[in-house]
Amino acid sequence: MQCTYCKKEIAEGASKCPECSEWIKFKLRPTLLRTVVEILIPVLSLTIAYGEFTRAKKAQQHADTAMEETRQTMAILEEMPRDNVLNSAKTQVDPQIFSGLQKRDFVEVDKQLQARLKENPRDEQAKKGLIYSRVLRRGQ
Ligand SMILES: [Zn+2]
């Protein structure tokens, strides 16, 4: 083979040229390259698929936990006298939501809070407000 720099003939597979002392660029032979690709691509696809699977599983677990917490909170609130639920709401949600709850304007409160959550799914006040609205609505 030839040195990639000085073009002198050197030993096959040499990594350094004895003539000009340059390091020879490592070239993958086509068959070796094909083998590497054939092995790597399925392995990579599996790794990616597994990553997607664990991510989806974790997201589902988070959703399940949040759902269970909501269910428990609602169960506790439903056992409480209505006035206590309202007092609790007063400390947990913003005045605008609270005022709607106080007025028993549950349909309107629900509508507003759903709109807020659509805008920002992480709006914790809106999530809490919805819980209070539903509990109070059931108890009326
Ligand atoms: Zn050379």
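Remarks
- All conditions in (1) surrounded by 12 or more Cβ atoms within 10 Å (Cβ to Cβ); (2) closer than 19 Å to Thr70 by Cβ; (3) more than 32 Å from the chain's Cα centre (by Cα) hold for Asn87, with the sole exception of (2).
So that you can scan it fast, the table gives a plain yes or no per residue for (1) under 26 Å from Glu68 (Cβ atoms); (2) surrounded by 12 or more Cβ atoms within 10 Å (Cβ to Cβ); (3) at pLDDT 90 or above:
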| position | (1), (2), (3) |
| --- | --- |
| Gly100 | no, yes, yes |
| Phe106 | yes, yes, yes |
| Gln114 | yes, yes, yes |
| Lys118 | yes, no, yes |
| Glu124 | yes, no, no |
| Tyr132 | yes, yes, yes |
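- Some residue of segment 90-99 being touching an Asp or Glu at 6+ places or on another chain (Cβ under 7 Å), closer than 17 Å to Arg134 by Cβ and away from the ligand (no atom under 16 Å from the Cβ): no
- Arg34 falls short on exactly one of the conditions (1) more than 35 Å from the chain's Cα centre (by Cα); (2) under 15 Å from Leu136 (Cα atoms); (3) assigned to a helix (DSSP H, G or I), and that condition is (2).
Listed here are the residues, each with its yes/no results for (1) charged (D, E, K, R); (2) modelled with pLDDT of 85 or more; (3) surrounded by 10 or more Cβ atoms within 10 Å (Cβ to Cβ); (4) within 15 Å of the ligand (Cβ to nearest atom).
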position: Ile10; (1), (2), (3), (4): no, yes, yes, yes
position: Gly13; (1), (2), (3), (4): no, no, no, yes
position: Glu19; (1), (2), (3), (4): yes, yes, yes, yes
position: Arg29; (1), (2), (3), (4): yes, no, no, no
position: Ile41; (1), (2), (3), (4): no, no, yes, no
position: Ser45; (1), (2), (3), (4): no, no, yes, no
position: Gln61; (1), (2), (3), (4): no, yes, yes, no
position: Thr65; (1), (2), (3), (4): no, yes, yes, no
position: Glu68; (1), (2), (3), (4): yes, yes, yes, no
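The values are calculated or read from the model by the stated rules, or taken from the named source; none is laboratory data. Computed from a prediction, not measured in an experiment: that's the story for all the values here. Because the Cβ atoms are built from the backbone with ideal geometry, glycine has one as well, and the counts that use them run over all protein chains shown.
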